[in-house]
Amino acid sequence: MFAEFSSGYYFGRLYVEPLDGDRAVMQREQHEQVNEELYATGEGVERLDAPLVMKLDRQHFSVHGDSGIPPDTIAVPESIIDGAGIENPPTLSEVFLAKRDHARKLLGMFGQQSSGTEALGGKSLTGK
């Protein structure tokens with residue numbers, strides 16, 4: 001689903017569709033699989049439901065698991081779709097997944113505990 005891209009990101013293509021909600025989601029099973037393969041350290045018991053951090057265009061946002069989403073799809077709030085210039089969703093789009101250490105830095109910068117979309121330096125992060 002994701003391939004090595006740079007020191008900070010993996011690259012993938014996912015269908016992006018609008019969501020009437022305040023946080024981005026993807027199929028729960030795929031979310032857990034990506035967490036296990038790319039975010040887990042292999043040391044002790046680790047959470048597989050921690051948010052992933054993705055980038056669409058210039059917007060960063062956290063992605064959570066949800067059982068109602070089709071495979072290979074991320075459902076994102078309208079504000080992210082508008083900001084990325086996506087027309088006629090759902091559409092197959094280039095998506096970047098922040099690597100584990102980079103994701104932790106981004107979550108810390110944007111304050112994981114907040115909800116909604118926050119802007120900081122031209123980037124946004126959606127999550128709780």
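Just so you know, all these numbers are worked out from the coordinates, no wet-lab data involved. It should be emphasised that the depicted structure is a prediction, and the values quoted were computed from it without experimental measurement. Backbone-built Cβ (ideal geometry, glycine too); neighbour counts: all protein chains shown.
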Q. Taking the simple approach of a point 7 Å from Cα along Cα-to-Cβ for both ALA3 and GLU37, what is their distance in nm?
A. 1.3 nm
Q: Run the quick spin-label model on LYS105 and LEU92: label points 7 Å from Cα toward the beta carbon, then report their separation in nm to one decimal.
A: 3.2 nm
**Q.** J(HN,Hα) series, the range 57-64, from Karplus relation 6.51 cos²θ - 1.76 cosθ + 1.60, nearest Hz, glycine and proline x
**A.** 6, 10, 9, 9, 7, 8, 10, 10
